[in-house]
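Some notes on the structure that comes next.
What follows draws every value from the coordinates through simple rules; no lab data is involved. Since we're looking at a predicted model, the values are computed, not measured. Positions of Cβ are generated from backbone atoms using ideal geometry, with glycine treated the same way; all protein chains shown enter the neighbour counts.
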Amino acid sequence: MTDQLKLANQVCFPVYTLAKEIINQYRPILKEMDLTYPQYLVMMVLWESKEQTVSEIGEKLNLDSGTLTPLLKRLETKKLITRKRKKTDERVVAIALTPEGFEKKEMAELIPERVAESLNISMEELNELKRITEKVIKKIKS
């Protein structure tokens with residue numbers, strides 16, 4: 001077996017493991033808000049942009065409508081968002097926050113620091129990890 005094929009020498013495995021571990025750190029925090037991690041991602045898009053179409057949310061989160069639609073239905077059931085077809089084009093569904101959905105933002109503002117704390121790293125280290133990750137993703141997509 002060559003050294004290149006040893007699991008310990010692979011970049012993909014620690015990145016995969018880290019992604020799972022980071023998401024696992026979010027779970028108990030998000031449970032307090034009655035949100036799953038994918039629901040949290042949708043909420044962040046809406047806190048930032050108020051109203052978005054399903055396709056706009058999908059584009060920002062790299063999710064297809066088949067994955068996004070049931071997720072949005074659950075958020076609507078929780079009364080955190082509304083889904084309305086555009087009058088100008090009924091194929092387009094606009095997603096907007098409800099007052100209850102907007103209120104969750106205040107609780108969510110503490111999440112990044114709580115996650116960094118649970119990972120036992122500083123916000124600076126977390127931001128450096130994000131910067132490097134974004135750099136690699138950008139190079140892959142260019």
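Below are the figures for this structure:
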item	result
The chain: relative contact order as a whole-number percent, Cα under 8 Å and 6+ apart	20
Longest segment of the chain lacking GluC sites (Glu not before Pro) that sit in a DSSP loop with at most 15 other Cβ atoms within 10 Å	33-89
Spatially close lysines, pair count over the stretch 37-99: Cα under 19 Å, gap of eight or more or interchain	10
Cut-off 14 Å between beta-carbons: net charge of the residues surrounding Leu126, Lys and Arg +1, Asp and Glu -1	-4
Exposed trypsin sites (Lys or Arg not before Pro) absent: longest stretch of the chain, with sites in DSSP loops and at most 13 other Cβ within 10 Å deemed exposed	92-142
Surrounding net charge for Lys104, when Lys and Arg each add one and Asp and Glu each subtract one, Cβ distance under 12 Å	-3
Karplus 3J(HN,Hα) series, Hz, for the stretch 53-67 with 6.51 cos²θ - 1.76 cosθ + 1.60 (x for Gly, Pro)	7, 4, 5, 5, 5, x, 5, 5, 9, 6, 10, 7, 5, x, 7
Furthest towards positive pole of dipole, Leu7, Leu126, Tyr37, structure part the chain, Cβ charges	Tyr37
Label corresponding to Kirkwood radius over Cα pairs in Å when calculated from the structure given, among (i) 15.9; (ii) 17.6; (iii) 17.2	(iii)
Top of Leu68, Leu126, Leu46 by mean-square fluctuation, Gaussian network on the chain, Cα under 10 Å	Leu126
Amide H partners (placed H, <5 Å) of Ala94, local residues excluded	Lys84, Arg85, Lys86
Cβ charges +1 (Lys, Arg) and -1 (Asp, Glu), total dipole of the chain, debye	620
Using alpha-carbon coordinates, inclination of helix 37-49 to the longest axis of the chain, degrees	60
Net dipole in debye of the stretch 37-99 [+1 Lys, Arg Cβ; -1 Asp, Glu Cβ; about Cα centre; nearest 20]	340
